[in-house]
1. Among the candidates A:L292, A:L297, which residue alone is of a type in the set (A, V, I, L, M), part of a helix (DSSP H, G or I) and buried (at least 24 other Cβ atoms within 10 Å of the Cβ)?
2. Can you list residue pairs whose Cβ atoms sit under 7 Å apart, with the first residue in region A:276-305 being more than 14 Å from chain B (Cβ to nearest Cβ) and hydroxyl-bearing (S, T, Y) and the second being part of a helix (DSSP H, G or I) and crowded, with 23+ Cβ neighbours inside 10 Å? Count only pairs 6 or more apart in sequence or on different chains.
3. Tell me, please, whether a residue that is away from every other protein chain (no Cβ under 12 Å), assigned to a loop (DSSP other than H, G, I, E, B) and not small (G, A, S) can be found in region B:101-111.
4. Checking B:A161 against (1) farther than 23 Å from A:R14 by Cα; (2) crowded, with 22+ Cβ neighbours inside 10 Å; (3) not hydroxyl-bearing (S, T, Y), which test does it fail?
5. Only one residue in A:A344, A:A393, A:A384, A:A335 is free of Cβ contacts under 8 Å to residues at least 24 places away in the same chain, assigned to a helix (DSSP H, G or I) and outside the structural domain of A:A101 (by TED's automatic domain parsing), so which one is that?
6. Name, by its number, the condition in (1) exposed (fewer than 13 other Cβ atoms within 10 Å of the Cβ); (2) at pLDDT 85 or above that does not hold for B:E265.
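The values are calculated or read from the model by the stated rules, or taken from the named source; none is laboratory data. Just so we're clear, the structure is a prediction, and the values are computed from it rather than from any experiment. Positions of Cβ are backbone-derived with ideal geometry, glycine not excepted, and every protein chain shown enters the neighbour counts.
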Amino acid sequence: MIVPIVRTAIVSLRRDRAALALSFILPITFFSIFATIFGGQHDSTAKINVILVDEDHSRASLDLVCGLQREGSLAIHTRPSSKNKSAAPLPEYTSLTAETAVKDGDAPVALIIPHGFGDNPISFGRDQGGVSIQLLNDSSDMIAPQMVAGLLQKAGMTSMPEVMAEKGMKYTDQYIGGLTPAQRKRMNDNLERMNGYLEKLRQREDQQAAAGDTPAQASSFAGPIAVQSRAVVGQNKRNPMISFYAAGIGVMFLLFTASGSAGALLDEAESGTLDRVLSSRVTMTTLLMGKLTFNTLLAFTQLVVMFLWASSVFKLDLFTHIPGFVVMGLCTAFAVAAFGMLLASICRTRAQLGALSTLLILTMSAVGGSMFPRFLMPQAMQKAGLWTINAWAIDGFTKVFWRDLPVRELWPQVGVLLAVGIVLFVVARRIARRWEFA
Amino acid sequence: MLSRLEQHYNESLSPPSRQTSAEGQGNRMNVPSIPQDSPHSSSSLLEPIPLEVVSLAKRFGQVTALDGVSLELRAGECLGLLGPNGAGKSTLIRGIVGRVIPDAGRVSVFGFPANTSEARSALGWVPQELALYPRLTCSENLAAFGRYHGLSGGKLKESVAWCLDWAALADRAGDLAKNLSGGMKRRLNMAAGIIHRPRVVLMDEPTVGVDPQSRNRIFEMIEALRGQGAAIIYTTHYMEEAERLCDRVAIIDHGRIIAQGAHEELIRSVFAQRSQVLAHFDGPPGVIGAWVEQHAGRLLDGAAEFTIEDSTLIAGLLDDAARSGLKLLDITLRRPNLESVFLHLTGRELRD
């Protein structure tokens, strides 16, 4: 009996060209706008999670760690946080576990202070001797590594004054000690060489920027402390934000479409068609399940169209992620369809549904990360986002398309979305009792 | 066309082995019988009555919609449910079809309680609203409702074709429902209610808002359906429709059946051999009103109405009007009708 209901709804939708256009063209348009405008830039300042590994344990490295921990805009993690607060603390990160954590999305940046750093912490570039601090980053977040690199220099300047003085004297002696003509010439030569080096560096970076590439091995002279950056996630992705916006905008419009489509129930109730259907062999549960099936299929189709568009126009790598996409797509579609059913069952009229759904969906989309990434939001807002379908769906799609994680790693998102869908549908069914009998 | 429809309907409803089908119906058609797969596939003598409503009561808040309604519908009968808007007709129909849960009383359809799957299969409901999918074509609408009733395959196809013929919509089968004229929509609405070929059909004011031509077409459809043996309840507030289509009439007001019977019986029981006089007078309204009241009549839309035992009494009535200074404009002597019965019993007009 569910199949006839799905069939009827499909034919009705096919005939409603405006609804059809809204379902498919509008979300693609919005997605394209967002992807084009925000695809390559951000600006925001939020507290950044940084994993810190001190392999050196020298005085200089300890001072630097303290300086970084004092930075208000950084959240420094030296060991994974334990879910059980009473349990013994987990072991500290190593360079390997830190890289894995960045790959898994636990933090956008990891800093590795290697052995030997304390021997020559102020090197004015990695070509000047000494070892470089390793900065591992997830290039989907383009702000975090820049901020961390800058704050690292600041922490270095402020947290190691003795080292700075000692090394400054050394360099003074080395470059301009005595100020004899020969020394002056040497100083000038060195300064000139440094300027030449910086100029070449800038030219190389300009060329890379013009080519649209993000240098995987950034070697910028960015201050007295030598830092070597390396992207460990998404280093081969053409545009890091496309999968995010495809999922974000997609889910937002799925919510709109699902609530609009579920609103057909209100139309049918108003026209008397619902009464007639319920006077046949179709029960309310069967009817709602039929509508849920149709709305799930519609939402999934929308996602397919959206990602195909992203694949063909914005080069999203869809075809190597089919299993993950199908799993996340179906779970997301199911959850949003159930959400639409709940809204339709709560509302008395189409106008009520329109107002309530707009309010809820825009709020959910803003908090849940459909409009801008949750990692840019304050901690409290990020936690609030977990109450939205958007956040779980986007997290799941990010795992698939950005982190290249296998399907089995999607279980938290799949579990939450399925549970949300089931709960919402059960509540919708209960509320729909008002239509059953007078 | 009708003979084809009759054959189709009877083939669908009647097991081929029934021998008593023509009894009492002449040669025109077979008496519809219960399909072989029905739990009631027994002889007509043992067959429960198609529809029985006993002391049905329903309140919506402070409003009493049904107040102990009882009625019976016999096989092949058309029962008119006559009453003004808000009298409880639609609530009664919705109670029968299981869409309203009564506070008291019971409904049984061939012995099965309302809202059971057996009752649902036996009942066909034509709601007052145009309960259709506007973006589906005529045949798609019929197919959808047919599937909801459990039809499929060849049987569904056959039923759709039959309903399109019955509603004279075969040439519009591919048109979207929303593009049909009002009359066509009404006919499609009716066809959707009988797509599963029910033995009891409930029609809730099926002619609302249609022009006279379409109304006649609908009457023909109902007569064809009746001719094929379906038992019908037909609600209306048009007494002409009840007089034309129905074997019996039940008059409902304020949720109660206040009279029921064949319409001539009803008229006779209320008016015996009396006739009604309708007269228009020229004169001051206050004077006319006082004079009408003095002669136990009433004013209806400016006309004075009297019930008289004998037509010879008209002359005396007119003389008295002249003596009271009223000038007669026109006068009509008529036999009372169902509307007169309703008016007499309730003090209100059917279209109130």
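1. Being of a type in the set (A, V, I, L, M), part of a helix (DSSP H, G or I) and buried (at least 24 other Cβ atoms within 10 Å of the Cβ) holds for just one of A:L292, A:L297, which is A:L292.
2. Every condition considered, the pairs that remain are A:T296/A:A333; A:T296/A:F334; A:T296/A:A337.
3. Within region B:101-111, one or more residues are away from every other protein chain (no Cβ under 12 Å), assigned to a loop (DSSP other than H, G, I, E, B) and not small (G, A, S).
4. Only one criterion is unmet by B:A161, namely (2).
5. Just one listed residue meets the conditions, A:A384.
6. Among (1) exposed (fewer than 13 other Cβ atoms within 10 Å of the Cβ); (2) at pLDDT 85 or above, B:E265 violates only (1).
Okay, residues lined up against (1) hydroxyl-bearing (S, T, Y); (2) surrounded by fewer than 20 Cβ atoms within 10 Å (Cβ to Cβ); (3) over 30 Å from B:V69 (Cα atoms):
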site: B:D103; (1), (2), (3): no, yes, no
site: B:F110; (1), (2), (3): no, no, no
site: B:R120; (1), (2), (3): no, no, no
site: B:E129; (1), (2), (3): no, yes, no
site: B:D175; (1), (2), (3): no, yes, yes
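Residues are listed down the side, and each one gets a yes or a no for (1) at pLDDT below 75; (2) of a type in the set (S, T, N, Q):
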position	(1), (2)
A:V3	no, no
A:I33	yes, no
A:T45	yes, yes
A:V50	no, no
A:R59	no, no
A:L68	no, no
